[in-house]
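The values are calculated or read from the model by the stated rules, or taken from the named source; none is laboratory data. Source: prediction; values computed, not measured. We place every Cβ from the backbone using ideal geometry, glycine too, and count neighbours over all the protein chains shown.
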Amino acid sequence: MHGPALAGWLLVALCAATGAYCLLRMRSPVAEQRSAAGGEALMGFGMAVMAIPAAAFGPPRWAWWAYGVVFGAAAVRALWNVRGLWSVRGHGRARAPRSPGRASGHAHHLHHLVGSLAMVYMSVAMASAPQGGAGHAAHAGPTGVPLVTGALLLYFAGYVLRAGLRLAPAPATATVPRSGSGPAVAWGDRAELALACRLSMGIGMFAMLLTM
């Protein structure tokens, strides 16, 4: 029993730290960064609460349904953002080349949509579990649909591997960047830090899905 409890608390610490960092990122002067960080903070803290070992805190069944409603709303918002980006892309396709930033934003909103739907799925599974087994993801037995769980596991495993490769240091080159070539990027807007944040949550999501 000690092993799973320890793993659960480590997962809580990882998700809570990620959520706290995303709250700090919400101070960014860039509106898009603030919006993304807010959604990721909600995801991080939501995962942290879900990962608390059931022996320490056992929420009532209705709390899981409330969780599903909250993350269902987050999924609708992410879907709306994806729809908006597709609409902008469709209207601007004939006028301008594809923007890398816009493509990156589209991929991020899609990932946030999948993450929110995964949280809804786990919340519904917890709420539907037998009364004796209703607990946190770190301690509940297999309660999900194997096909859905397997598909989500494959997605988050692929996302973690892809994000890890993107964070790998690039080979050194002989070119030395010029000083003062552009404005300094605020630490909250650094792409590699945001990616590390999403990588941590992807690992946490994969770990929780393994218990389903």
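In segment 1-46, of all residues being at pLDDT 80 or above and β-branched (Val, Ile, Thr), the one that is nearest to the chain's Cα centre (by Cα) corresponds to Thr18. Within segment 9-20, residues that are closer than 16 Å to Ala56 by Cβ have Cβ atoms under 6 Å from residues that are hydrophobic (A, V, I, L, M, F, W, C) and assigned to a helix (DSSP H, G or I) in these pairs: Leu11/Ala207; Val12/Ala48; Cys15/Met47; Cys15/Ala48; Ala16/Ala48, counting only partners at least 6 apart in sequence or on another chain. Entry remark, segment 31-77: residues being under 16 Å from Ala125 (Cα atoms) and not hydrophobic (A, V, I, L, M, F, W, C) number 8 in total. The residues on offer are Ala140, Ala129, Ala75, and the sole one that is at pLDDT 90 or above and in contact with a Ser or Thr (Cβ under 8 Å, 6 or more places away or on another chain) is Ala75. Please verify whether Arg61 is of a type in the set (Lys, Arg) and at pLDDT 85 or above, treating the condition exactly as stated. Yes; evaluated as a whole, the condition is true for this residue. Every condition in (1) farther than 20 Å from Leu193 by Cβ; (2) at pLDDT below 85 holds for Val49 except the one numbered (2).
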